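The values are calculated or read from the model by the stated rules, or taken from the named source; none is laboratory data. Since the model is a prediction, treat every value here as computed from it, not as a measurement. When we count neighbours, we look across all protein chains shown, and the Cβ atoms used for this are built from the backbone with ideal geometry, even at glycine. Just the protein is used for accessible areas: all its heavy atoms, side chains included, with ligands, DNA and RNA removed. Shrake-Rupley method; radii C 1.70, N 1.55, O 1.52, S 1.80 Å.
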Amino acid sequence: MKTDWLFQEPIDLEHKQYVLLDYLQKLDKNLNNLKLYPQFQEISLHLASINLLIEKGQYLTLGRQLKDPDDEILISDLIPVDCPLLTKEEILEVYNVCKYSTENLRDYFNHAKAIWDIVNDTVSIEVVQNPKNIEPKQGLFFLEYKEKTYLYEFIIKQIKKDSVETKCQIKKICECPKGDFNEKLKSIKTPLIKNLQDEEVHGKLIVFTVNHNNNYPLRETLLPIVKRKIMNYMIQSKIIRHKNLTGKI
């Protein structure tokens, strides 16, 4: 559902209730199957957009096309747009739709947040190699899923120069046992990490293993949570290290 759905004809409370109900039914189905993304981000976007509309008469749009279920929405992606010219009657209808939608969307946000909390608490990451190599903000992680072991690479990048926003990109490299990935890495084409095939490079990378219970959808839930945990670990570890180096605790 696009964020301009409120202004699509007809602007009528009863019609918009049906539109929202159809959207919420899809959300409900995905959340009941423990699929968090992109639903969690979509709900947050709609709530933020409606709040902006009530406060400033603007709604939010995305400045780019999202590429996958967990393509992170950043502040820099959000573009405020003035709402179209409306009659007094239409303004009242839009306001009533906003009130109705906020209540329903907030319920689904709380539902999604509860699922997120459960997954976040039951998924953990553990450093198994080169724990101190956090400076490059890149590395590897193993993930066992449905009796197979996969190796992923990750790289954390600054979105723009002089920007505080960062983004974590991940890419599945291969399926392989934990103790047998050196040879596999040499045959990888177009990795995210430069010269990943070189043992001098991958031999020094930090490596994580993921612990979980196999009950969550891979692309829509497990990988998004893992990605965020790794990014938090790398950023927080760097902050702690710098504080220790300067003697400030």
Here the Kirkwood hydrodynamic radius of the stretch 14-125, Cα-based and in Å, equals 15.4 Å
Roughly how tilted is helix 223-246, in degrees to the nearest 10 and between 0 and 90, from the longest Cα axis of the chain? 60 degrees
Can you send over the carbon and sulfur percentage of the accessible area for the chain, probe radius 1.4 Å, protein chains only? 51 percent
Using the Karplus equation 6.51 cos²θ - 1.76 cosθ + 1.60 (θ = phi - 60°), what ³J(HN,Hα) coupling, rounded to whole Hz, does each residue of the stretch 135-145 give in order, writing x for Gly and Pro? 4, x, 6, 8, x, 10, 8, 9, 9, 8, 8
Residue by residue through the stretch 54-62, what is 3J(HN,Hα) from phi via Karplus (6.51 cos²θ - 1.76 cosθ + 1.60, θ = phi - 60°)? Round to whole Hz and write x for glycine and proline. 5, 7, 10, x, 10, 10, 9, 10, 9
Expected sort for 106-112, 201-207 on mean C-beta neighbours within 10 Å, highest first, is 201-207, 106-112
Heavy-atom accessible area ranking, 1.4 Å probe, most first, across Met231, Met1: Met1, Met231
Just how large is the dipole of the chain about the Cα centre, in debye to the nearest 20, putting +1 at every Lys and Arg Cβ and -1 at every Asp and Glu Cβ? 1300 debye
Stokes-Einstein D (µm²/s) once Rh is taken as the Kirkwood radius of the chain over alpha-carbon pairs, at 20 °C in 1.002 mPa s: 104 µm²/s
Could you compute how much accessible surface Asp12 exposes when probed at 1.4 Å, giving the result in Å² to the nearest 10? 60 Å²
Any residue on another chain or 5+ positions along whose placed amide H is under 5 Å from the amide H of Asp71 is listed here as none
Of Lys160/Lys204; Lys35/Lys157; Lys184/Lys227; Lys172/Lys194, those spanning more than 20 Å from alpha-carbon to alpha-carbon: Lys160/Lys204; Lys35/Lys157; Lys184/Lys227
How much accessible area per residue does the chain have, in Å², with a 1.4 Å probe? 58 Å²
Compute the helix-to-body angle for 88-122: its Cα long axis versus the longest principal axis of the chain, expressed 0 to 90° and rounded to tens. 20 degrees
